[in-house]
Amino acid sequence: MYLDHFGLKEAPFRITPHTDFFFQGANRGATLEALLYAITHDEGIVKVSGEVGSGKTMLCRVLMERLPPAVETIYLGSPSLSRDEILFAISDELKLDMQDKRTTRVLRGLQEHLIRLFGEGRRVVVLIDEAHAMPKETLEEIRLLSNLESNRHKLLQIVLFGQPELDQHLGTPEMRQLKERITHSFPLEPLVRSDIESYIDFRMRAAGYRGPKVFNRGAIKLIARASQGLTRRINILADKALLAAFADGTHAVTETEVKRAIRDTEFYRRRFSPHGAWIGAGALAAGLAIGWGTHVLLSAGDPAIAPGSPHRAPATAAPVPLNPPATGSIPIASGSPLPAGPGTPGPAAQSPTLAAPDAKRDRRRGPVPPERGEFVRERFKATQEWLQNAPDDRYAIQLVTVSSGELRKLEDFLLRASATVPAGELFVYSVKIDGRQHYRVAYGSYASPERALDAIKGLPPFFSAYHPYYRSIERMRSQNRQ
């Protein structure tokens, strides 16, 4: 309806995946490259997790297009498959006649076929969408499928795409063996405001728009707040805002059009329904529970405290003891090093747990310095200086994330980590999660996602138990500015 009005060739904000509109910012492009690397280098099982509407299916579709011709792709989009049905589904995709055969014979025939393909220089990857909704016995069958291998190589690569509930399933005791087989885990985090502005402008131009930016800063700010950074919601709001601008006969989208779009969305009505008081009370209770859970996990040394996003840590995950780190250091790619840390950092501050910074401080733009912890504050200050000059196209390994009330625990973590790796390569920067102040620890500087992935494999148990993942310096800098 509004295409001619804005000079568009097609609708820019369709909610169905369209690979021509794949946005490579906000770590999406780097995640795609890492997936391609993992699949073509026998990395076994890989997991991609994200909230509803965060772009998992889009990433999956683009991955299918970008895989080299020597890789045969099997896409399973039905989460209700039983453990036997998934074997027959894979066999059908490979054009194997396995009807009326027992499961054991199907598995044997599948292995023989995969060996033949491998001998011809071909690989097979299974992309499983909506994996969080799969029965646990089917997930167990996936683990068994990952056992199919030749003398030196995996015969079947598996990528699981799922919502955060998948992490909860994997955290249960019966899923422990499958969790151990996952070599890489990539979280699709919500877009921050600067990413949303770039995302909207990219999709407008991909649809044929050639003029100045249509959405002003106020409109972007409202979309960021209402969408919570989820790309599906951004698409819905942007589409409705363009329609409102068309109805008003204007070529600019301002706060007025976005407010009308927000009022017309289902997720807005659910969020601000007459039962909002109950929802708010539930959110407050959940926040208190998360804060206490993080405190307990940190105190117990559980590495599941925050493999990137602390509010997503599975409550049912079995604690992993935090062993004393081994001596020695890890070689990292050359780059712009942080200023060297102290040879012997001072003791952790013994101050009581603090509440999050007050509202007045939260309204200030820019990173919020930590208020406690001598070593934490030192590394934070050095990281700010480093982030100003570090190249955008380098990558760092993300280790843990903690709330502002757990700075003493963060101090202890850094002291232990500095006994294992150079203190000058430990980064501490500011992030906001659900509007609350947190701090994230990263390590190293690498020229590419592949280098970062290789380095992750070489991390000592002290770090690898936290399920580290990589992130671009550009993304770190963007989050640090929030």
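The values are calculated or read from the model by the stated rules, or taken from the named source; none is laboratory data. Since the structure is predicted, the reported quantities are computational estimates derived from the model, not experimental observations. We place every Cβ from the backbone using ideal geometry, glycine too, and count neighbours over all the protein chains shown. To get the accessible areas, we keep the full protein, side chains included, count just its heavy atoms, and leave off ligands, DNA and RNA. Shrake-Rupley method; radii C 1.70, N 1.55, O 1.52, S 1.80 Å.
Over the range 194-267, what is the mean sequence separation of C-alpha contacts under 8 Å (at least six apart), divided by residue count, expressed as relative contact order in percent?
34 percent
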- Of all the accessible heavy-atom surface of the range 387-471, with the other protein chains kept in place and a 1.4 Å probe, what percent is carbon and sulfur? 45 percent
- Query: Rounded to the nearest 0.05, what FRET efficiency do T40 and T172 have when you use their Cβ-Cβ distance and R0 = 22 Å?
  - Reply: 0.10
- Normalised alpha carbon radius of gyration of the range 5-48 [divisor 2.2 N^0.38 Å]: 1.63
- Query: Which value, in Å², gives the accessible area per residue of the range 29-71 when a 1.4 Å probe is used on the protein heavy atoms?
  - Reply: 30 Å²
- Query: Ignoring ligands, DNA and RNA, what accessible area per residue does the range 99-211 give at 1.4 Å, in Å²?
  - Reply: 47 Å²
- Query: What GluC sites (Glu not before Pro) does the range 88-170 have in DSSP loop regions with at most 13 other beta carbons within 10 Å?
  - Reply: E120
- Select from the range 91-198 those trypsin sites (Lys or Arg not before Pro) which occupy a DSSP coil region and have at most 16 other Cβ atoms within 10 Å, ordered by residue number. K95, K101, R102, R122, R152
- Between the range 10-50 and the range 89-158, what is the C-alpha centre distance in whole Å? 23 Å
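With the full set of protein chains in place, find how many percent of the accessible area of the range 140-188 is carbon and sulfur; take the probe as 1.4 Å. Provide the component values of the computation, followed by the final result.
Working: 880 of 2120 Å².
Answer for the range 140-188 is 42 percent, counting heavy atoms of protein chains only.
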- Kirkwood Rh (inverse of mean 1/r, distinct Cα pairs), the range 190-269, angstrom: 12.3 Å
- Item | Overall dimensions of the range 37-77 as given by Cα atoms, namely Rg and Dmax in Å | 11.2, 32
- Note on the structure: Volume per residue (Å³) of the convex hull spanned by the alpha carbons of the range 20-119 is 127 Å³
- For the range 132-182, what D do you get in µm² per second when you plug the Kirkwood radius from alpha-carbon pairs into Stokes-Einstein at 25 °C and 0.890 mPa s? 212 µm²/s
- With no solvent and one equal point scatterer placed on each C-alpha of the range 371-482, evaluate the Debye formula and give log10 I(q)/I(0) for q = 0.18, 0.21 Å⁻¹, two decimals. -0.88, -1.22
- Where the accessible area of the range 7-78 is counted over protein heavy atoms with a 1.4 Å probe, how much of it, in %, is carbon and sulfur? 52 percent
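A 29 angstrom limit on the alpha carbon distance is what I want to check against. Which of K9/K95; K56/K221; K95/K457; K101/K457 exceed it? Don't skip to the answer; put the middle values down first.
Working: K9/K95 39 Å; K56/K221 24 Å; K95/K457 36 Å; K101/K457 40 Å.
Violating the 29 Å Cα-Cα cut-off are K9/K95; K95/K457; K101/K457.
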- Points 7 angstrom from Cα along the Cβ direction at T16 and H153: gap in nanometres? 3.7 nm
- Message: If you filter the range 1-104 for chymotrypsin sites (Phe, Trp or Tyr not before Pro), then keep DSSP loop positions with at most 12 other Cβ within 10 Å, what is left?
- Response: none
- Task: Could you give me the percent of Cα pairs per 5 Å distance bin for the range 122-226, shortest bin first, beginning at zero and ending with the bin that holds the maximum distance?
- Result: 2, 10, 16, 15, 10, 9, 9, 11, 9, 6, 3, 0
- Kirkwood-Stokes translational diffusion coefficient of the range 410-472, alpha-carbon pairs, 10 °C, 1.306 mPa s, µm²/s: 124 µm²/s
